[in-house]
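Inspection log for the structure reproduced underneath, given as structure tokens.
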Amino acid sequence: MPHLMRTRPDRWLLLAGVAAVAAYLLVVQPGTVQLLFYDGIGLVAVIAMLVGIHRNAPSAAKPWILTAGGLGLFVAGDFGYSFYTIVLHVPAPGASIVDVFYLGGYLMLALGCAAFMRSLGGKDRDAFLDAGITTIGGAIIMWALVQAAGVPSTGPVIGRIVLAAYPVCDVVLLAMLVRLALVPAVRSGAFWLVIMGFSFLLLGDLVYALLAQGDYQAAGLLDATWLLSYLAFGVASLHPQMGRMIEAKISGGPQPLGWRRILLIGTALLVGPAVTLIRDWGSTGSGSAPLAVASALIAVLVLWRITRATRERQHAEIQLRFMALHDELTHLPNRALLRERLELALARARRAEGMVAVIFLDLDGFKHVNDGLGHDVGDQLLGQAAVRLSEAVRPTDTVARFGGDEFVVLADDVGSHEGARALAERLRISLATPFHLAGQEVFVSASLGIAIADEPDVSPEALLQHADAAMYRAKDAGRDRVEFFDEQMQEAVTTHLALSGDLHTALDRDELLLHYQPIIDLRTDQLVGTEALIRWQHPLRGPVSPERFIPIAESSGLIVPIGRWAMETAFDQLVDWQRSDDRFSEMEIAVNVSAVQLLRPNFARDVRDALSNAGLDPRFVVLEITEGVLLDDRLEALHAVRQLKEIGVRIALDDFGTGFSSLSYLLQFPVDILKIDISFVRGLGIDTEATAIVGSVIALGRTLGLSVVAEGVETEEQFQHLKRMGCPLAQGYYIGRPVSPEVVADSADAWNNTTSGLTVADIVLAEAAGSWR
């Protein structure tokens, strides 16, 4: 119990104060004891304020000190009143020291209220207008009450000034209170206690002016309002949040015209007509009543109009907010709302030591549905998938569309890793049954990655990255499965982020370079071209594999400047070779083009500029694009390829045979060269299916008038097998590894017949002869 009293004295003061006020009203008899009891409650409240200021030590102490000073002057006035009544046995005279204390208290409270406003900030101009409207309404009421009280027009001037000063003080304090109450912020308990203190004070003054009319004698419920005012200030000062009056500020422009403000404005508008009607009620010959009624009707209609307009605007704002935080197609939360909920979930988990899981989900095969059946059908698939996912989760979980065919499920307080896996499996199974789209059954699966917030300070971004990495692990492992994020993935993510940062400066630091791999004509064993392959020599990590940094460059957009640099460097190198030696006059060069580059609107212009700057004939240039680009973005890729063909360069389709519907696209895309993927070349003579595919591609190229290049030739057996099958061109480690341009130039004389068994260490280049075509 002592510990509780020491930690929360505000609660004990509140309980004791309410009990004291109840005793004052119900137990204590009128007279001397009651007056002293009243003064004692006020004195305790002042002491409580001073103790609270010392105990809590607020950073903005001035408002509290001024308020405590005002309360102290009020209590001094109460003791002065009691002195006249108990000791002198006379009522306190007008314009006495008692009035000095009371009026000084109003001044101090007004200054304290103003200081509170300055410390809280919040420059809401509408709140100033609302305060002005309320102040005028309050002034009308006070004027009517003073007029009804019959303020003498004769007598000592100082007495009349004092009588008029009280309603003026109340009006000023009312304006301050309204402005303070409308501070745009999330208020703390201490804030509302301060508001209650000012409100009870004004309520008591209003009732006193209305009923007592300057001739107050008896104690009663009226005294309770002032005592509750003292009590509220004392409890507010002892409240643990007294140094933090607001929890959070609300920004973003003017605050909405809510029902509180409408009620406030409406009350102020109706004050004038109401006072007029009350004043002239029953009097004859007065023509003010119809005007007052008409004014009241106008005020009501204006308020009605304002209320309707406000509701319409709020409805529009709700719609706009929904659109801003939800996906238009599926109506699921979007990335922004997901991030908000993820931050809240992590905060709750830190407080309650709970477990938060994020499940990243990607639809397998969605691209093929989208391209094969059309974007409308793809949208229907996404919509139906969203419904199934939403039905598979708990009511407390969040299903969000992350973009494209990616969804994220936020599982708050998932309980355990097993619970997270069970939820992920439900999500996966929910998509297993066929979707009925465009009059047919469509099957898709999902790859899911799970990340658990094990560390207390994990960020939403990190958790999403972890779940994304786990999802890609699921795809690499065969798709239609669930994977958890682990420490190995964490190391991979860390390395990925580090490489991404270093890659931003790799170009400027000349860390990137091109190596060139020879391509030979299998019919003559002579060199016909080279493929430019980008390499990264990291200053600390050493050589970084393209398989590691090219995906990073593509995801970050760095592939655009890097690809432009590679193209310009390769073009300049070929021109240098052609000009330095006649044996290279017909040399051709192949440059890989990323999907990100190809689909840029200005890519064809970049190619044209690079050719012009290098002075290179476009017929010596082959741009290699992957088959997946044609499958994923057919229309955009077709337009881009046609633009490149107009320039005069030729197009090679890389990794041919690995796509889903590549054969049908060959009739649409103006490609010139097919490059057989290394996975089929490795199976030559070993895997009958791979051997058959290589033979089919060679025959297809011959039928369509396309050249064919076999990639990844690593053994003499593969080399000879391709010769027997009639494959026109080949490249690979058996023929020559990628080497620097200096090695290519210096090894030109060492180039000999590849079938002699020499490797690139012995032979790299032969005389330029023949053509890719």
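The values are calculated or read from the model by the stated rules, or taken from the named source; none is laboratory data. Source: prediction; values computed, not measured. Backbone-built Cβ (ideal geometry, glycine too); neighbour counts: all protein chains shown. For accessibility, only protein heavy atoms count, side chains too; no ligands or nucleic acids. Shrake-Rupley method; radii C 1.70, N 1.55, O 1.52, S 1.80 Å.
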(request) Run the 1.4 Å probe and let me know the accessible area of residue 341, rounded to the nearest 10 Å². (result) 90 Å²
(message) Using 5 Å bins from zero, what percent of all Cα-Cα pairs in the range 18-60 falls into each bin?
(response) 5, 21, 21, 17, 12, 10, 8, 5, 1
(request) Mind scanning 367/675; 645/675; 645/723 and naming the pairs with a C-alpha gap bigger than 21 Å? (result) 367/675; 645/723
(message) Students often check this: by mean Cβ neighbours within 10 Å, which of 191-203, 407-419 ranks highest, and how do the rest follow?
(response) 191-203, 407-419
(request) Measure off 7 Å from each Cα along the Cα-to-Cβ vector at residue 429 and residue 513, then give the distance between these two points in nanometres to one decimal. (result) 5.7 nm
(request) For residue 709, list long-range residues whose amide hydrogen, built 1.01 Å from N in the peptide plane, is under 5 Å from its own amide hydrogen. (result) 674, 675, 676
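Please report the carbon-and-sulfur percent of the accessible area for the range 45-104; probe 1.4 Å, protein heavy atoms only, DNA, RNA and ligands left out.
Working: 2090 of 2850 Å².
The nonpolar share, carbon plus sulfur, comes to 74 percent.
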(request) For the range 407-528, with all protein chains present and a 1.4 Å probe, just round the carbon and sulfur fraction of the accessible area to a whole percent. (result) 48 percent
(message) For Cα pairs less than 8 Å apart in space and 6+ apart in sequence, what is the mean separation divided by the residue count of the range 538-612, i.e. the relative contact order in percent?
(response) 32 percent
(request) Measure off 7 Å from each Cα along the Cα-to-Cβ vector at residue 89 and residue 716, then give the distance between these two points in nanometres to one decimal. (result) 13.8 nm
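In percent, what relative contact order does the range 7-126 have, based on Cα pairs under 8 Å that are 6 or more apart in sequence?
25 percent
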(message) What's the ranking of 442-448, 221-227, 156-162, 18-24 by average number of surrounding C-beta atoms within 10 Å, highest first?
(response) 442-448, 221-227, 18-24, 156-162
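Determine the gain in length on full extension of the stretch residue 692-residue 545; use 0.36 nm per residue of separation and subtract their C-alpha separation, reporting nm with one decimal.
Length difference between fully extended and current span is 49.8 nm.
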(request) Determine the sum of side-chain charges near residue 37: Lys and Arg each +1, Asp and Glu each -1, restricted to other residues whose C-beta is under 12 angstrom from that of residue 37. (result) -3
(request) Work out, step by step, the length gained on full extension between residue 387 and residue 639: first 0.36 nm times the residue separation, then minus their alpha carbon distance; give nm to one decimal. (result) 87.2 nm
(request) Would you kindly derive the ³J(HN,Hα) couplings of the range 109-119 from the backbone phi angles with the Karplus curve 6.51 cos²θ - 1.76 cosθ + 1.60 (θ = phi - 60°), listing them in order in whole Hz, with x for Gly and Pro? (result) 5, 4, 5, x, 4, 5, 5, 4, 4, 5, 6
(message) What distance in nm lies between label points placed 7 Å from Cα along the C-beta direction at residue 308 and residue 29?
(response) 6.4 nm
(request) Order these peptides, 495-501, 63-69, by their mean beta-carbon neighbour count within 10 angstrom, highest first. (result) 63-69, 495-501
